[in-house]
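Laboratory data are not the source of any read-out in this text; all were calculated from the coordinates shown. Note that the coordinates shown come from a computational prediction; the quantities given were computed from them, not determined experimentally. With ideal geometry, Cβ positions are generated from the backbone for all residues, glycine too; neighbour counts draw on all protein chains shown.
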Amino acid sequence: MTNVDPDPVHFLLVDDLEGNLLSLEGLLRREGLVLLKASSGTEALELLLKHEVALAILDVQMPGMDGFELAELMRGSERTRRVPIIFLTAGSADRQRRFRGYEAGAVDFLHKPIEPDILRSKADVFYELFLQRRQIARQRDALELADRRKDEFLAVLAHELRNPLTPIRYGLDMMRMSPDQAPPEDMQAMMDRQLTHLVRLIDDLMDVSRISRGKIDLRKAHISLQAALQSAIEASRPFIESRRHALSLDIPEDPLWLDADATRISQVISNLLNNAAKYTPEGGRIGLCVNRTGNQVFISISDNGIGIPEEMLPRIFDLFTQVEKRGERSRGGLGIGLALARQLVELHQGTLEASSAGNGQGSTFVVQLPLAANAATPTPEPLRRAHDQAPLRILVVDDNVSSAETTGRILSMVGHEITLAHNGPDALRLAGESAPDVIMLDIGMPDMSGYEVCRELRRDPAFKDTVFIAQTGWGQERDRLKTQEAGFDHHLTKPVNFHELAELLAKV
Ligand code: ADP
């Protein structure tokens, strides 16, 4: 037996003698095969109406309608005309009768008493043939559906890409008309927003393509869920506020640790928050609530928006599926966000489910993720000793003393020489004294910010080869730009992923 298809294959056995039917059944029985038994031609026709049959084994001599007559009727009907038939004849069928059999479309004749092996091997051929045909038919259906979806998707994609291009085009035209004058600020802000939107669409498309090719790399680390949520909320807040929604948060204070890719987890949550904001009429309510049960954490994002009809609930996670592409519910988008979110969650051995009481009743999305087996605070274990690397002199600057000390301790564990400073002026002095290879700077410090320290040191040629790494709670593009302008080489978002830090240091 080769394939086992979950849907059984049906054979039809027709013989007026119960004993013959039972022995045929005994001969042919196998997993995945249903044997339909009929003791007359009429009964056989009834069964043929109800089932798709892969092979009919017909006794020729039966009272009333005989096997040949039944075969002729089968050939006369579109539904059954292609069903292969094996006739069972007692004695040698004479030429005349055989001819009738072929005319009716017979495939084969077997003589009674039947040789079990011959019957079984012929039946096997039809069984496999039917499975193959069914598989081809299914593949054809799936291809047709995929093709239809692709066409729809291309139409939506063209529409979605064109929308943000219009304001950018206008902005350019304005600049051409009055080259000495920059476009007004609101116009610039709009161009900026639209460009960011375009980039996000393209990022999502790339992610989907990477996932479907199995090429996505999760950068897993021991992370705190709260930190990932914070960056998701930060990313979505401007959109939520622009739609005047109230966002309520219910997040436990005790840290919950995950072995996960922080960026991807916040991407998923931010996507769900954006959807909640997008599919809720302005001035709505959005809630984010975190619950822990055993070694699982449940993050639910709910809104009081337009809701999702029950029949669409299982489908919204399919690629390119939108409840309504055009029309009043449509809010733009490509219909890939939820597919991407679910796949990212599944790559973390979690689940993503949706529920809604229907149109106008709001929606709730629940992300379930396994907590890290080691629920303790992150261990420096991910950091490997920097074997091949000469120890670096690293100056760690953070006004939060314990944060500076932990960073320092981990870095000295892998063999680097660490100096600590807790404010800007000390940092300037200690930098001069210890001539560090690397300076890790916290940005938000009282009196003198990390930006100022960096700018000041950069002015001194003694630090021209020093590597400056910013450590901040802000990871948005504009924050990265700011640190770059101040003279930093790298920007790490807190809590720092030590893999990432080790990688950076390995390149120094
Ligand atoms: P997009 O938002 O780009 O259309 P998604 O994959 O993010 O694509 O969502 C798929 C569809 O699921 C949306 O088009 C929308 O119809 C429905 N949907 C998603 N989130 C919500 C929500 N919070 N409330 C109502 N409908 C939603």
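Please give the length that would be gained between Asp479 and Glu346 if that part of the chain were fully extended, namely 0.36 nm times their separation in residues minus their C-alpha to C-alpha distance (nm, one decimal). Numbers along the way, then the final one.
On the way: separation 133, 0.36 × 133 = 47.88 nm, distance 3.06 nm.
Difference between extended and current length: 44.8 nm.
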Exercise. Dipole of segment 131-198 (Lys/Arg Cβ +1, Asp/Glu Cβ -1, origin at the Cα centre): which of Ala158, Tyr170, Met187 lies farthest to the positive side?
Worked result: Ala158
For this session: Please work out the Cα center distance from segment 431-508 to segment 163-216, rounded to the nearest Å.
Result: 30
Seminar exercise, completed: FRET efficiency (Arg200, Arg133; Cβ distance; R0 45 Å; to 0.05) is 0.50
Problem set entry | Rounded FRET efficiency, nearest 0.05, which uses the C-beta distance separating Leu154 from Asn423 and R0 of 56 Å | 0.50
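Sort segment 38-183 into rounded, prolate or oblate with this rule: let a ≥ b ≥ c be the square roots of the eigenvalues of the Cα gyration tensor; rounded if a/c is under 1.5, and if a/c is not under 1.5, prolate when a/b is larger than b/c, oblate otherwise. Don't skip to the answer; put the middle values down first.
Values: a/c = 5.92, a/b = 4.48, b/c = 1.32.
Cα axes put segment 38-183 in the prolate bin.
How large is the charge dipole for segment 7-158, taken about the Cα centre, if only the Cβ atoms of Lys, Arg (+1) and Asp, Glu (-1) carry charge, to the nearest 20 debye?
Here the size comes out at about 400 debye.
Classify the chain from the C-alpha gyration tensor, please: rounded if a/c falls under 1.5, else prolate or oblate depending on whether a/b exceeds b/c. Working shown, then result.
Working: a/c = 3.31, a/b = 2.40, b/c = 1.38.
Note, shape of the chain comes out prolate.
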Exercise. Roughly how many nanometres apart are two label points built 7 Å out from the Cα toward the Cβ at Ser449 and Asn163?
Worked result: 3.4
Problem set entry | Å³ per residue enclosed by the Cα convex hull of segment 10-92 | 88
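Based on the alpha-carbon gyration tensor of segment 149-285 and its eigenvalue square roots a ≥ b ≥ c, which shape applies: rounded if a/c is under 1.5, prolate if not and a/b is larger than b/c, or oblate? Don't jump to the answer; show the numbers that get you there.
Details: a/c = 2.04, a/b = 1.50, b/c = 1.37.
Because a/c hits 1.5 or more and a/b exceeds b/c, segment 149-285 counts as prolate.
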Problem set entry | Under Karplus coefficients 6.51, -1.76 and 1.60, residue-wise ³J(HN,Hα) of segment 345-350 in Hz, glycine/proline x | 5, 5, 4, 9, 6, x
Exercise. What are the extents of the Cα atoms of segment 385-495 along their three principal axes, listed from largest to smallest and rounded to whole Å?
Worked result: 36, 31, 25
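Given R₀ = 41 Å, what would the calculated FRET efficiency be for Glu234 paired with Leu145, taking r from the Cβ atoms and rounding to 0.05?
0.55
Rounded to the nearest 20 Debye, what is the dipole magnitude of the chain about its Cα centre when Lys and Arg each give +1 and Asp and Glu each give -1 at the C-beta? Don't jump to the answer; show the numbers that get you there.
Working: 59 positive and 74 negative charges, 202 e Å.
Around 980 debye, computed over the chain.
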For this session: May I ask which residue of Val367, Gly335, Ser39 lies farthest towards the positive end of the charge dipole of the chain, with charges of +1 (Lys, Arg) and -1 (Asp, Glu) on Cβ and the Cα centre as origin?
Result: Ser39
Problem set entry | Inter-site label distance for Ser23 and Met174 at 7 Å from Cα along Cβ, in nm | 9.3
Seminar exercise, completed: Cα-Cα longer than 21 Å, checked against Lys215/Lys482; Lys37/Lys112; Lys464/Lys507; Lys464/Lys494, kept in input order, equals Lys215/Lys482; Lys464/Lys494
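Sorted by average packing, counted as other Cβ atoms within 10 angstrom per residue and highest first, what order do 128-139, 67-78 take?
On the way: 128-139: 13.4, 67-78: 18.4.
So the order, starting with the most tightly packed, is 67-78, 128-139.
Return the calculated 222 nm mean residue ellipticity for the chain, to the nearest 500 deg cm²/dmol, obtained by summing -39500 (n - 2.57) across DSSP H runs with n ≥ 4 and dividing by the residue count. Don't skip to the answer; put the middle values down first.
Working: 14 runs with 229 residues, N = 508.
Helix contribution divided over all residues of the chain: -15000 deg cm²/dmol.
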For this session: With everything on Cα atoms, drop me the angle between helix 424-434 and the longest principal axis of the chain, reported from 0 to 90° to the nearest 10.
Result: 90
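Share of antiparallel DSSP beta bridges in the chain, in percent to the nearest 5? Please report the intermediate quantities before stating the final value.
Values: 26 of 68 bridges.
Within the chain, antiparallel bridges account for around 40 percent of the total.
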